[in-house]
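J.: Would you mind keeping the following structure in view while I ask a few things?
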Amino acid sequence: MTFSELGLSPKVLTSVEAVGYADPTPIQQQAIPRVLERRDVLGIAQTGTGKTASFVLPMLTMLERGRARARMPRTLILEPTRELAAQVEENFKRYGANHKLTVALLIGGVSFDDQLKKLDRGVDVLIATPGRLLDLFERGNLLLSGVEILVIDEADRMLDMGFIPDIERICKLLPFTRQTLFFSATMPPEIQRLADAFLSNPVRVEVAKPATAADTVSQYLVRAGREPADKRAVLRALIKKADDLTNAIVFCNRKRDVAILQRSLARHGFSAGALHGDMDQRSRMATLDDFRNNKITILVASDVAARGLDIPAVSHIYNFDVPTHPEDYVHRIGRTGRAGRKGTSITIATPVDKKYVSAIEKLTGQPIETLEVEASEEMAASRYGKRTRKSAKSAEAEEPAANGTSEKPKKSSKRRSGDDQPRRGRQRSEVEDKPVPFGLSDHVPQFLLKSVRPAS
């Protein structure tokens, strides 16, 4: 089947051919005709299978008729993160090159003024994160009564980030006769309940078992010690051993570990950048652009980069920390092996991660192959400084005396100088070795020496 058989308009087909895509993916084959029929769609597919294009392409076809009004967007797309929202905007610009549609992006970390100017001119496609959307609505800068199509993308990520109450509130502000498109990689009970509440007689499009990894990704497990230095040494050994590595994403569970690991890799000569939720929006987008343009080879990231980011050429995924939620593992390794390419995923596990690894294997339904890695040289290098200082101290302590007998060094009875003592709580007399003055000592203020007239 080709794109020309799906019912898309000639303008959209021309854009698809210009991008270089010839055959649609399975979810695109099933979802696009249903969307064009104005049916509600519940789409479930593995990450990296082209879910974004499955709603962008038919939306472009349907939006060719009609025009937008000020502050009343015609369509609304909700995304859980700023990066995903910006990525969907890029898809509309790429596939909508032959259309004269206005696309607005409402995300945090960006000035309100530019966003309000676009809304005032009229918006055909509004792509937003829930928080910024509700903020502008409460300020009276946005009306949602003209929305014809609602897209809820990465719904399981919305659940993890606590956006479900905001989604429910937004849906109540939209027209009842809208068309709703609901896409998710996993389908937990909470997401199923949300889909049942806001979809009307939906067409279920499921091209793979929920929460399964793509067959194009080779998965491995590497054992490491509990210490972070041991895990960092194992990671460096894995990166050096990978002959086919073009670029890689390294996932950490905590934001502070992202910064620590990025600095460690940079000190050891690796081209590495960091990406986590505490960074400002400009820095996050600049880091992603550098990674896409191969200016940096290794991207150390939190789970903010685990959902939906489309960086096709990622060859390796390293889980520096085993994710505590098994669904996150599926999304992380889905950043590689996209669009039919081969990819490699390696998870570094400590003894305390045993239960998390078991949960992942239970969810995916397949064991993870164990990979043996020799990282003794890297571990020795990471501990070299500490061991050198320790050996120097011990050598000084055990140095034999002139008469051939070894003696323990005697503790010096010399009192420490004032500079070596803690400043807090010490008296000035302890530093200068003088007695503590009594009262005002030799210094008496002048106002105390003036004569006082006796009271009458």
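Only the coordinates and a few stated rules stand behind these numbers; no lab work does. As the structure is a computational prediction, the values presented were derived from the model and not from experiment. Cβ sites come from the backbone with ideal geometry, for glycine too, and all protein chains shown count toward neighbours.
J.: How much length is gained if the chain between residue 5 and residue 372 is pulled fully straight, taking 0.36 nm per residue apart and subtracting their Cα-Cα distance, in nm to one decimal?
T.: Numbers: separation 367, 0.36 × 367 = 132.12 nm, distance 4.88 nm.
Using 0.36 nm per residue and subtracting the Cα-Cα distance, I get 127.2 nm.
J.: Kindly put 121, 65, 292 in sequence by how many other C-beta atoms sit within 10 Å of each C-beta, fewest to most.
T.: Values: 121 13, 65 6, 292 17.
By the 10 Å Cβ count, ascending, the order reads 65, 121, 292.
J.: Right, something else. If amide H atoms are built 1.01 Å from N in the plane of the peptide, which residues on other chains or at least 5 residues away come under 5 Å of the amide H of residue 319?
T.: Distant-sequence amide H within range of residue 319: 251, 346, 347, 348.
J.: Here's another thing I want to ask about it. Using a simple charge model, +1 on the beta-carbon of Lys and Arg, -1 on the beta-carbon of Asp and Glu, nothing else, what dipole does the stretch 3-206 show about its Cα centre, in debye to the nearest 20?
T.: Details: 25 positive and 26 negative charges, 159 e Å.
With Lys and Arg at +1 and Asp and Glu at -1, about 760 debye.
J.: Dipole size in debye (nearest 20) for the stretch 168-297 around its Cα centre, Lys and Arg Cβ +1, Asp and Glu Cβ -1?
T.: On the way: 22 positive and 14 negative charges, 88 e Å.
Approximately 420 debye in magnitude.
J.: Using amide H atoms built in the peptide plane, which far-off residues or other-chain residues are under 5 Å from residue 205 H to H?
T.: 42, 43, 44
J.: Over the stretch 3-206, what relative contact order in percent results from Cα pairs under 8 Å that are six or more residues apart?
T.: Numbers: 349 pairs, mean separation 59.0, N = 204.
So the answer I get is 29 percent.
J.: Can you sort 279, 158 so the residue with the fewest Cβ neighbours within 10 Å comes first?
T.: Ranking 279, 158 by Cβ neighbours within 10 Å, fewest first, gives 279, 158.
J.: Please work out the Cα center distance from the stretch 214-267 to the stretch 316-373, rounded to the nearest Å.
T.: 12 Å
J.: Which of 247, 336, 311 sits farthest toward the positive end of the charge dipole of the stretch 217-381, with +1 on the Cβ of Lys and Arg and -1 on the Cβ of Asp and Glu?
T.: So the residue we want is 311.
J.: For the pair residue 172 and residue 18, what calculated FRET efficiency results from E = 1/(1 + (r/R0)^6), where r is the Cβ-Cβ distance and R0 = 51 Å, to the nearest 0.05? Mind dumping the intermediate values first?
T.: Details: r = 40 Å, r/R0 = 0.78.
Using R0 = 51 Å, I get an efficiency of 0.80.
J.: Then there is this: Please state, to two decimals, what the Cα-based radius of gyration of the stretch 217-381 comes to when divided by 2.2 N^0.38 Å (N = residues). Present the calculation step by step, with values, prior to reporting the outcome.
T.: On the way: Rg = 14.7 Å, N = 165, 2.2 N^0.38 = 15.3 Å.
Normalised by 2.2 N^0.38 Å, the Cα Rg of the stretch 217-381 equals 0.96.
J.: Among the listed pairs 255/355; 51/93; 51/100; 231/255; 11/93, which are separated by more than 19 Å between their Cα atoms? It would help to have the intermediate numbers written out before the result.
T.: Working: 255/355 22 Å; 51/93 17 Å; 51/100 24 Å; 231/255 17 Å; 11/93 13 Å.
Checking Cα-Cα distances, 255/355; 51/100 exceed 19 Å.
J.: A follow-up question, please. Between residue 229 and residue 241, how many nm apart are label points set 7 Å from Cα along the C-beta direction?
T.: Taking the simple label geometry, residue 229 and residue 241 are separated by 2.2 nm.
J.: If you rank 298, 260 by fewest surrounding Cβ atoms within 10 Å, what's the result? Provide the component values of the computation, followed by the final result.
T.: Details: 298 24, 260 15.
Fewest-to-most ranking of 298, 260: 260, 298.
J.: Considering the stretch 3-206, what Rg and Dmax in Å follow from its alpha-carbon atoms?
T.: So, for the stretch 3-206, Rg and Dmax equal 15.8, 45 Å respectively.
J.: Amide H to amide H under 5 Å from residue 218: which residues, 5+ apart in sequence or cross-chain, H placed 1.01 Å off N in plane?
T.: Those lying under 5 Å, H to H, from residue 218 are 343, 344, 345.
J.: Please list, short to long, the whole-number percent of alpha-carbon pairs of the stretch 223-321 in consecutive 10 angstrom bins beginning at zero.
T.: Per 10 Å bin, starting at 0, the Cα pair percentages come out as 15, 54, 27, 3.
J.: Could you work out how much longer the chain between residue 256 and residue 289 gets when fully extended? Use 0.36 nm per residue separation minus the Cα distance between them, nm to one decimal. Before the final figure, lay out each step's value.
T.: Numbers: separation 33, 0.36 × 33 = 11.88 nm, distance 2.21 nm.
Roughly 9.7 nm would be gained on extension.
J.: How much FRET efficiency would the formula 1/(1 + (r/R0)^6) give for residue 138 and residue 281, where r is the Cβ-Cβ distance and R0 is 30 Å, rounded to 0.05? Numbers along the way, then the final one.
T.: On the way: r = 21 Å, r/R0 = 0.71.
For R0 = 30 Å, the calculated efficiency reads 0.90.
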